[in-house]
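What follows is a single structure, written as C-alpha cells, with notes after it.
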Amino acid sequence: METPARDLEITRLDEYVWQIPQQGDMRVPGIVYASPSLFEQAGHEEALRQVANVATLPGVVRASFAMPDVHWGYGFPIGGVAATDARDGVVSPGGVGFDINCGVRLVRTSLRRDDLAPRLEELLHELERRVPRGTGARGALRLSPRDLRRLVEQGVPYLAERGLASEDDLAHTEQGGVLSGADADAVTERALRRGLTQVGSLGAGNHFLEVQVVDRVLDREAAEAFAVAEGEVVVMIHSGSRGFGHQTCTDHLARMNAPNRFGFELPDRQLACAPASSPEGQDYLAAMACASNFAFANRQVMMNEVAAALEQVFRAGRERLGVGLVYDVAHNIATRETHVVDGVERELLVHRKGATRAFGPGHPDIPADYRDVGQPVIIPGDMGRESWLLAGAEGAMGAAFGSTCHGAGRLLSRGAARKVKSGAEVRRELEERGVLVHAASTALLAEEAPYAYKDVAEVVTVVEAVGLSRRVARLKPLGVLKG
C-alpha cells in the first residue's frame, strides 16, 4: 500500500474493515471503515497517520475510528470518532474542529418536482435575497449583545420563546437544539463580536443550501416515519457556527497549546488537549456548547427564511406547502454519552469530527415518532450527483459509539480542484445535468466541483454494509446556493 502512513502496521479484518493494531504510543487500536478504493484515498492524505495519533490520547477507550469519508484534518482526521473517559480522559478541540457544530438540516415539503420546475429560478433568487452568504455576511436575525449571550446559552429553545421555532422543530433537532453546560462567560469578547451579526447566514466554502427532489426510496417504513416520499421536494441546509465557532476554537487551542501545560507527550501538536475535568477542559466544553447552540440556532433561522421564500414564490402558507423539519444533525461536536465498553456502562466524552450520531431503533434520545426506525442521518454528496437520507442502525452503538459518516469527503484540495476546470466550465456542466447553481464566485464553483469529492454512493454503501446506518432515500440536486 503506497501511502504516507506506510510505516504503520495495518491489517484488513473484513471487506470494509481495516485495523491499525496498537503500536508505538497507541493506547487503543485504530479502526477504519472503508472500501479498498476509499481506503487508498484516505492514506493518500495522511489521514491514517492521524487515526493512529488520536489513539494516543490520554483516556481514550475502545478504538480510534475513521468513517469511509475520512480525509486529513486539523489534529483529528475529518471523519474521525474517538471517545475518552468523561472523568479521567481529555477533551481535544482538534476532535471537534474549527467550525463547531457544522451540521445539516433537512426540510421537507409537499411540493412535487413538477410544481417546482417552472419556479426554480425564482425560488433561488428569493433564497439569495433572504439567506446571507459569504465570509463576514450579516445574518437574517438581528440581536443585541445581551440577546446573543442568551441565544448561545439556550440554543433553539431561546428562538422558540421568540416564536421562531416550534415544538416540532425542537423535537427534530439533535439534543433538542441545545447542548447543556453552555456558559457565555467562557467565550471571548472577540468571538461574541464576530457572532453578533451572523445568526441566520450560510457562510462560504463547502456550506450550501440545496433544493432537492426525493429521487428514490429504499426503506418505505422509515421514509413514512420521516414523512418523505418519492417525487417530493426537500431543502438541505449545510452550515455551522460561522466566525463565532472558529474564534472559539482558536482561543481555546491557544490555552491548551501552552508548552508542557499538562505534561502530555503527543505525536502531533494539533492534538492539543486538556483533562476534561480541568479548568481549561471545563471552559472549552462550556464555550464549545455555546458555539454548538449558535449553530443549531443559525440553521433554525435559515430554515425560517427558506419557508418564507417558499411562501413568497408559491403564494401559499407553510402548512399548505407541507414545510417541516425532518431532522438537524451535528457533525463537529463532543458530547457526554453513556456507552457499554467491555460489558460495562461508562460515561464518555465522544468526539465526532466530520461524523454524526447514528443511534439505532429504540434509543431514548431519538424523537418519539422516529424511535421505531432509528435516528435520521443526513449525508450530503456533491452538487452534481446525489445526497442520502439514512437511518441509524442497531450495530452503530457497538461499532463506533453510535456514529456514521457526515458526507462524501473531499478527494481533491481546493487548489488542486481549481486546476482541473474553471468555475465557468463547472457551472455549464452542472446546468447540462439540470442543476441550477447560484454561487458568490466562479472560483468557488471550481473548488466545490463534483470531482473534488469522493463518490457518496460508495461511502453510503460502506456504512450500510458495516451496520452503521441504512439507506432510506436518495436525494437529487435541482438548485444550489453556494457561499
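The values are calculated or read from the model by the stated rules, or taken from the named source; none is laboratory data. A quick note: this is a predicted structure, and the numbers were derived from the prediction, not measured. Cβ: placed from backbone, ideal geometry, glycine included. Neighbour counts: every protein chain shown. Just the protein is used for accessible areas: all its heavy atoms, side chains included, with ligands, DNA and RNA removed. Shrake-Rupley method; radii C 1.70, N 1.55, O 1.52, S 1.80 Å.
Summed over qualifying helices (DSSP H, 4 residues or more, each -39500 (n - 2.57)) and divided by its residue number, the chain shows a 222 nm mean residue ellipticity of -9500 deg cm²/dmol.
Its Kirkwood hydrodynamic radius, worked out from the mean inverse distance over all distinct Cα pairs, puts the chain at 22.2 Å.
Residues whose amide H lies under 5 Å from that of Ser469, counting only those 5 or more places away or on a different chain, are Ala393, Glu464; hydrogens are built 1.01 Å from N in the peptide plane. Cβ-Cβ distance of Thr250 and Asp25, R₀ of 30 Å, FRET efficiency by 1/(1 + (r/R0)^6): the value works out to about 0.65.
Ranking Glu189, Glu167 by solvent-accessible area of protein heavy atoms (1.4 Å probe, all protein chains present), from largest to smallest, gives Glu167, Glu189.
Need one number for segment 128-283: average projected area of the convex hull over its C-alpha atoms, nm². Present the calculation step by step, with values, prior to reporting the outcome.
Numbers: hull surface 50.8 nm².
Taking the Cα atoms of segment 128-283, their convex hull projects to 12.7 nm² on average.
The relative contact order of the chain, computed from alpha carbon pairs under 8 Å that lie at least 6 residues apart in sequence, is 21 percent.
Over all directions, average the projected area of the Cα convex hull of segment 355-410 and note it in nm². Mind dumping the intermediate values first?
On the way: hull surface 16.5 nm².
For the Cα atoms of segment 355-410, the hull's average projected area reads 4.1 nm².
Against the empirical curve 2.2 N^0.38 Å, the C-alpha radius of gyration of segment 344-483 lands at a ratio of 1.21. Karplus-based coupling profile of segment 338-351, in residue order and whole Hz: 9, 9, 8, 10, 6, x, 10, 6, 9, 7, 10, 10, 8, 8, with θ = phi - 60° in 6.51 cos²θ - 1.76 cosθ + 1.60 and x standing for Gly or Pro.
Could you do me a favour and compute the accessible area per residue for the chain, 1.4 Å probe, result in Å²? Don't skip to the answer; put the middle values down first.
Working: 17480 Å² over 483 residues.
Computed with neighbouring chains in place, this is 36 Å² per residue.
So, in nm, how far is label Val340 from label Ala424 when the simple model puts each one 7 Å beyond its Cα toward the Cβ? Computed distance between label sites Val340 and Ala424 equals 6.1 nm. With respect to the chain, whose longest principal axis is taken over its alpha-carbon atoms, helix 423-432 is tilted by about 60°.
When Rg and Dmax are taken over the Cα atoms of segment 48-137, they come to 20.2, 59 Å. Each residue of segment 273-288 was assigned a 3J(HN,Hα) from its phi angle through the Karplus expression (A = 6.51, B = -1.76, C = 1.60, θ = phi - 60°), giving 8, 9, x, 4, 8, 7, x, 5, x, 5, 5, 4, 4, 5, 6, 4 Hz with x at Gly and Pro.
Using 0.36 nm per residue and subtracting the Cα-Cα separation, the extra length available between Glu265 and Glu230 on full extension is 7.3 nm. Taking every lysine pair in the chain that is 8 or more places apart or spans two chains, those with Cα atoms closer than 22 Å amount to 7. With bins 5 Å wide beginning at 0, the percent of Cα pairs of segment 255-374 falling in each bin runs 2, 8, 12, 15, 16, 14, 11, 8, 6, 4, 3, 1, 0.
Of the solvent-accessible surface of segment 301-396, computed with a 1.4 Å probe and all protein chains present, 41% belongs to carbon and sulfur. In summary, the convex hull built on the alpha carbon positions of segment 155-241 has an orientation-averaged projected area of 7.9 nm². With one equal scatterer per alpha carbon and no solvent term, the Debye-computed log10 I(q)/I(0) for segment 88-159 at 0.12, 0.26, 0.29 1/Å reads -0.62, -1.27, -1.29. Amide H contacts of Leu111: Val233, each under 5 Å away and 5 or more positions distant or on a separate chain (H built 1.01 Å from N in the peptide plane; Pro and chain starts excluded).
Here the gap between Tyr451 and Val17, fully extended at 0.36 nm per residue and compared with their Cα-Cα distance, gives a gain of 153.7 nm.
If both residues of a DSSP beta bridge must be in the chain, then about 90% of such bridges are antiparallel.
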